[in-house]
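Q: Below is a structure I'd like to ask you about.
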Amino acid sequence: MTQNKNKTPLITSNQAGINWNWDINTNTLMTDEHSVKKAFLAIDKPLYLAQSQTGEIGATHQLQESASEMSGDVVAFAQAINAKELGCNEFKRAHGVKYAYHGGAMANGIASVELVIALGQAGFLCSFGAAGLIPDVIEESIKRIQRALPNGPFAVNLIHAPSEEALESGAVERFLKLGVNTVEASAFLGLTEHIVYYRVAGLSQNADGSINIKNKVIAKISRTEVAEKFMSPAPQKILDKLLAAEKITALQAKLALQVPMADDITAEADSGGHTDNRPFLTLLPTIIQQRDQIQARYDYVVPLRVGAGGGVGTPESMLAAYNMGAAYVVLGSVNQACVEAGASEHTRKLLANVEMADVTMAPAADMFEMGVKLQVVKRGSMFAMRANKLYELYSNYPSIEAIPAVEREKIEKQIFRQNLDQVWETTMIFFHARDPEMLARVKQDPKRKMALIFRWYLGLSSRWSNIGEKGREMDYQIWAGPSLGAFNSWVKNTYLADYEQRKAVDVALHLLTGAAYLQRINQLKYQGISIHNDLLSYHPSAPF
């Protein structure tokens, strides 16, 4: 056994483990607490545990070539492991990255140009948060990313916009124009003409007859019925429509029936923003099983990969995802608290103190009329309560004019801080430039007008959070899931507790290294080794 300063054994063996036929020189054994911890942390070296001459179990990285009088028997072994080895090699190859890790999209540019570039330059894939931005802003942001990452890796988010179809179609047109080769499709309720167009327009046939897929799709889903659509080939009905519009060729339509709509499926569990609050432990294996069934049906040359997002915020949860079969992991809420994120300092400081219970559900601006909700921070903000109040009024009254005067006065004073007629004037100007068809539909539906007025608040509240709008702090809409609270708990009493020290690459490397460290701890446990709590977990001690 090896003891720490409190005389409690750091390492013990129950003698029921594997007996390795290896010898070590007991003089190389490290038995003091500091050295043993250092040996455990050196995950890039093989770790051998053996009994020293004094009866303690020590650690070493070296075997002895031949037996001698100083030889000791190895009682446990953990192989060398590197953070780059976690996850699916095919995912890394397909996206040209070093790590099976994806920085997920956070709308309105929270997953900023700076975040995408920082992670991309270090060998990580990250999606630019294009959702909610107008096409011109998206185009300029993509050009900045392409200048910094001319060979990638990067992705751009394409969010489903059922109430603003022009935004979805406009985004796809820019992606194709600029040569964006990877999109992260999120919040889709089903396939649209626009996502199918993006996918199929990138198909071609190689000289050997194989299919070249230029436009890769990572589909973020939380429901099996949506997953099936992205796991299947493009629908013939949509292909026919695109053919008729001469957007795709006959060959591309034919090739589309031989490949799935996505290359990667992210099983999105209890995440920030749009979420169905699915439990991580049930969603991931269900989607993996569904993938296997669909692969058996279509026999794709390149099988779909399934990753895990939502609920991943510690080395333990990250390792759990990999061990459950996730090809890659996705982090969003944690990255939002990093210095490169497009969030204000006030918001990042607030995020660094969020606990697991400090999140709740509130109406989504982009799917307000459908009753769709998203997960936001409730600590330090009244947004959720106020947004839910607006949806209650929307559900109970047919128009703005039908809202009782007392209720209208209350929301004008407490939420909008101006007369609703003024809000409507501003809203008309906004949609005239963004999507004029939206205003045309209002004329036939007064309830639509109410929805657009209420969406003024829901839409601006996230922007206020991003730019740090003074005086509106209690209205900040901040997307986050409980994984952020778990992350904050993990880094408590470390340098990463300081929000100003959180850099996305450093955070990612600590999480991945921690997962690899825990993988080796598990290897030792399987061999009958008991390990003291001081060695069981990994915590960041210094920047990479």
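Each row is one residue, and each column tells you yes or no for (1) touching a helix residue (DSSP H, G or I) at 6+ places or on another chain (Cβ under 9 Å); (2) part of a loop (DSSP other than H, G, I, E, B).
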{"site": "A219", "(1), (2)": "yes, no"}
{"site": "E225", "(1), (2)": "no, no"}
{"site": "E228", "(1), (2)": "yes, no"}
{"site": "I238", "(1), (2)": "yes, no"}
{"site": "A253", "(1), (2)": "yes, no"}
{"site": "Q258", "(1), (2)": "yes, yes"}
{"site": "N277", "(1), (2)": "no, yes"}
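Q: Just give me the residues in segment 53-83 being without any contact (Cβ under 8 Å) to a residue 40 or more places away in the chain and either under 25 Å from M318 (Cα atoms) or not charged (D, E, K, R) (or both), in sequence order. Before the answer, list the steps.
A: Step one: list which residues in segment 53-83 are without any contact (Cβ under 8 Å) to a residue 40 or more places away in the chain, which gives 53-54, 60-62, 65, 69, 80.
If the condition is that a residue be without any contact (Cβ under 8 Å) to a residue 40 or more places away in the chain and either under 25 Å from M318 (Cα atoms) or not charged (D, E, K, R) (or both), then Q53, T54, T60, H61, Q62, A80 are the ones that fit.
Q: Considering only segment 428-455, state which residues are within 23 Å of Q477 (Cβ to Cβ) and open to solvent by less than 40 Å² (accessible area, probe 1.4 Å).
A: Those that are within 23 Å of Q477 (Cβ to Cβ) and open to solvent by less than 40 Å² (accessible area, probe 1.4 Å): F431, D435, M438, R448, M450, A451, L452, I453, F454, R455.
Q: Suppose we keep only residues that are of a type in the set (F, W, Y) and modelled with pLDDT of 95 or more within segment 389-427. Which one would you say is least open to solvent (accessible area, probe 1.4 Å)?
A: Pass one, segment 389-427, residues of a type in the set (F, W, Y): 391, 394, 397, 416, 424.
Okay, now just the ones that are also modelled with pLDDT of 95 or more, so 391, 394, 397, 416.
Values: Y391: 59, Y394: 26, Y397: 62, F416: 1 Å².
Checked segment 389-427; the qualifying residue least open to solvent (accessible area, probe 1.4 Å) is F416.
Q: Scan segment 358-378 for residues that are surrounded by fewer than 17 Cβ atoms within 10 Å (Cβ to Cβ) and either in contact with a helix residue (DSSP H, G or I) (Cβ under 9 Å, 6 or more places away or on another chain) or of a type in the set (S, T, N, Q) (or both) and jot them down.
A: T360, M361, G371 - these are the residues of segment 358-378 that are surrounded by fewer than 17 Cβ atoms within 10 Å (Cβ to Cβ) and either in contact with a helix residue (DSSP H, G or I) (Cβ under 9 Å, 6 or more places away or on another chain) or of a type in the set (S, T, N, Q) (or both).
Q: Separate question: Can you say whether A234 is over 20 Å from the mean Cα position of the chain (by Cα), in a helix (DSSP H, G or I) and small (G, A, S), as far as the supplied structure shows? First the steps, then the outcome.
A: Working: over 20 Å from the mean Cα position of the chain (by Cα): yes; in a helix (DSSP H, G or I): no; small (G, A, S): yes.
No, not satisfied.
Q: Which of the residues that make up segment 244-272 are of a type in the set (A, V, I, L, M, F, W, C) and open to solvent by 60 Å² or more (accessible area, probe 1.4 Å)? Reasoning before the result, please.
A: Initial filter on segment 244-272 (of a type in the set (A, V, I, L, M, F, W, C)): 244-245, 248, 250-251, 253, 255-257, 259, 261-262, 265, 267, 269.
If the condition is that a residue be of a type in the set (A, V, I, L, M, F, W, C) and open to solvent by 60 Å² or more (accessible area, probe 1.4 Å), then A244, A250, L251, L257 are the ones that fit.
Q: Same structure, new question: Taking the conditions exactly as written (modelled with pLDDT of 95 or more, buried (at least 16 other Cβ atoms within 10 Å of the Cβ), within 21 Å of M438 (Cβ to Cβ) and within 22 Å of the chain's Cα centre (by Cα)), does L158 satisfy them or not? Walk me through it before giving the result.
A: Working: modelled with pLDDT of 95 or more: yes; buried (at least 16 other Cβ atoms within 10 Å of the Cβ): yes; within 21 Å of M438 (Cβ to Cβ): yes; within 22 Å of the chain's Cα centre (by Cα): yes.
Taking the combined requirement at face value, the residue satisfies it.
Q: In this structure, does S141 turn out to be in a loop (DSSP other than H, G, I, E, B) and of a type in the set (S, T, Y)? Steps first, answer last, please.
A: Working: in a loop (DSSP other than H, G, I, E, B): no; of a type in the set (S, T, Y): yes.
No: the conditions fail for S141.
Q: Which residues, counting only those in segment 161-215, are among the basic types (K, R) and open to solvent by 40 Å² or more (accessible area, probe 1.4 Å)? Step through it out loud before you land on a result.
A: Here is the first cut: in segment 161-215, the residues among the basic types (K, R) are 174, 177, 199, 214.
The answer is R174, K177, K214.
Q: Right, next: Which number in (1) part of a loop (DSSP other than H, G, I, E, B); (2) touching a His at 6+ places or on another chain (Cβ under 7 Å) marks the one condition that E168 misses?
A: Among (1) part of a loop (DSSP other than H, G, I, E, B); (2) touching a His at 6+ places or on another chain (Cβ under 7 Å), the lone unmet condition for E168 is (1).
Q: Next question, about the same structure. Considering only residues that are part of a helix (DSSP H, G or I) and basic (K, R), look in segment 429-456 and name the one that is nearest to Q418 (Cα to Cα).
A: First pass over segment 429-456, keeping only residues part of a helix (DSSP H, G or I): 429-434, 436-442, 446-456.
After this cut, where a residue has to be basic (K, R) as well, the list is 434, 441, 447-449, 455.
On the way: R434: 23, R441: 25, K447: 20, R448: 20, K449: 17, R455: 15 Å.
Residue satisfying both the conditions and the ranking: R455.
Q: Can you name the number of the only condition in (1) part of a helix (DSSP H, G or I); (2) of a type outside the set (G, A, S); (3) out of contact with any helix residue (DSSP H, G or I) (no Cβ under 6 Å at 6 or more places or on another chain) that L243 fails?
A: (3)
The values are calculated or read from the model by the stated rules, or taken from the named source; none is laboratory data. Since this is a predicted model, take the numbers as computed values, not measurements. Neighbour counts are summed over all protein chains in view; Cβ atoms, including those assigned to glycine, are modelled from backbone coordinates with ideal geometry. Side chains are part of the model used for accessible areas, which takes the heavy atoms of the whole protein and leaves out ligands, DNA and RNA. Shrake-Rupley method; radii C 1.70, N 1.55, O 1.52, S 1.80 Å.
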